[in-house]
1. Can you tell which of 161, 199, 37 shows the greatest fluctuation in a Gaussian network model of the chain with Cα springs below 10 Å?
2. When the Kirkwood hydrodynamic radius is evaluated over all pairs of different C-alpha atoms of region 14-74, what value in angstrom, to one decimal, is obtained?
3. For a quick check: sort 85, 305 by the number of other beta carbons within 10 angstrom, fewest at the front.
4. Express as a percent, rounded to the nearest 5, the fraction of DSSP beta bridges in region 305-443 (both residues included) that run antiparallel.
5. Could you check the spin-label model distance between residue 317 and residue 32? Points 7 Å from the Cα along Cα→Cβ, value in nm.
6. How large is the helix-only mean residue ellipticity at 222 nm for the chain, computed as the sum of -39500 (n - 2.57) over DSSP H runs with n ≥ 4, divided by its residue count, in deg cm²/dmol to the nearest 500?
7. Once all Cα-Cα distances of region 322-378 are split into 5 Å bins that start at 0, what whole-number percent is in each one?
8. Under the 0.36 nm per residue contour assumption, what length would be gained going from the current alpha-carbon distance of residue 176 and residue 413 to full extension?
Amino acid sequence: MGKRSRRKRLPDPVSGVTIESLSHDGRGVTHLDGKAVFIDAALPGEVVSFEYRASRRRFDEGRLTAVTQASPDRVEPGCVHFGVCGGCSLQHLEPAAQIQAKQRTLLDNLKHIGKVVPEEVLPALTGPVWGYRIKGRLGVKDVIKKGRVLVGFREKHSPYVADLAACEVLHPSIGKRFDELAQLIGQLQARARIPQIEVAVAGSATALVFRHLDPLSQGDREALKQYAMERELHVYLQPAGPESVQPLWPEQSVLSYQLPAESIEIRFKPTDFTQINTAINEQMVARVLGLLALDRDDTVLDLFCGLGNFTLPMARYAGTVIGVEGEAGLVSRARDNAALNGLENAIFHSANLAEATAGANWADTACNKVLLDPPRSGAAEVLDVLGDMRPQRIVYVSCHPGSLARDAGTLVHEKGYRLLSAGVMDMFPHTAHVESIALFEAG
């Protein structure tokens, strides 16, 4: 019989250490004996005490226990669940300082990964820092030991659903309803078979998508319907994958959001990807339009176009806009949205952009301006096609500064573009997520 393995003993707690910097995920960084230690809720310049949470070969992780000397940027978190819930990591940092940290992250990534420096740093786009989030996925768990259902986000560093009464960053139409949702599900026969609720706040309605692992009884369906009617919510059921989603109440649920400056309405399904921050999205669209400087002589290529969030407003100003998206359902709804808004100059293609080739149906039109809005992995696969196409201007909207920096390096050092400007957009206040935008011009 082999020896039973023993968990490695963690080092003793440490006092009086100075935090040197902020990591990309919002933790304070210090070094002890030449080894980096990442400490939750610690800020640069602070003198703190901490206990070890994990010890790894290349770095350690710590949990803050006391702050001896606080940063002037430290503030009281706005949510009582901060530190327990894994949704936010920066509520203890003053919002303006959050922006500065994100801007540094972007510029550091551009410099060290892409070996590029923007000629201009754009002013950050900012908006409300509470109640801004209009999309989310809530975990649901029937906890037998507690004798009740929990609804909320996951605990920090844990797969368990946190015991939350509310969420201060979610739109108030749902962020204040965790307790009543838990009570609602606790009364259902299927209380142990509903693992999640997807949230989508539209311009005039809040939609909840209840994922259920077994068919719901008529009584459960009626309870959910009654809840929807009383709260003026739209409720959907999801018995399987995303394509199985169907409205329960009202039966003809229609969700949409507006881009008022361009008189655009975009309809969507509750599980479709949409931007999670209305105020920042409107500013972001305006910035894209300004950076591209569109007129009727322009033919624009919008890669990773989704529902047409950028395609349709660009079509108000350009001669032709070609949107390309990999998910066929989104392309279909983008075409419907173009028709809804009377935009005949918006053309859409469904294509896998991870396999971009010069002969693709979307690449056979000469486009003089391009918008890129890729996923976290970036747009590396399309850069060769763009290099051959040689558009005059490229605007790159990024949800990950590392992939933007890598692609910026390719555009500047291999494709002959200048990085005219770059800046951050505070799409996710109180988190370490960095949304950014960059403008490239052919040299």
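Bear in mind these aren't lab numbers, they're just calculated from the coordinates by the rules spelled out. The structure presented is a predicted model; accordingly, all values stated were derived computationally and were not measured. Glycine also receives a Cβ, built like all others from the backbone with ideal geometry; neighbour counts cover every protein chain displayed.
1. 37
2. 11.1 Å
3. So the ranking, lowest neighbour count to highest, is 85, 305.
4. Here the antiparallel bridges make up roughly 60 percent for region 305-443.
5. Those two pseudo-labels are separated by 5.3 nm.
6. Mean residue ellipticity at 222 nm (helix-derived): -6500 deg cm²/dmol.
7. Cα pair-distance distribution for region 322-378, in percent: 4, 16, 26, 27, 19, 7, 1.
8. 80.4 nm
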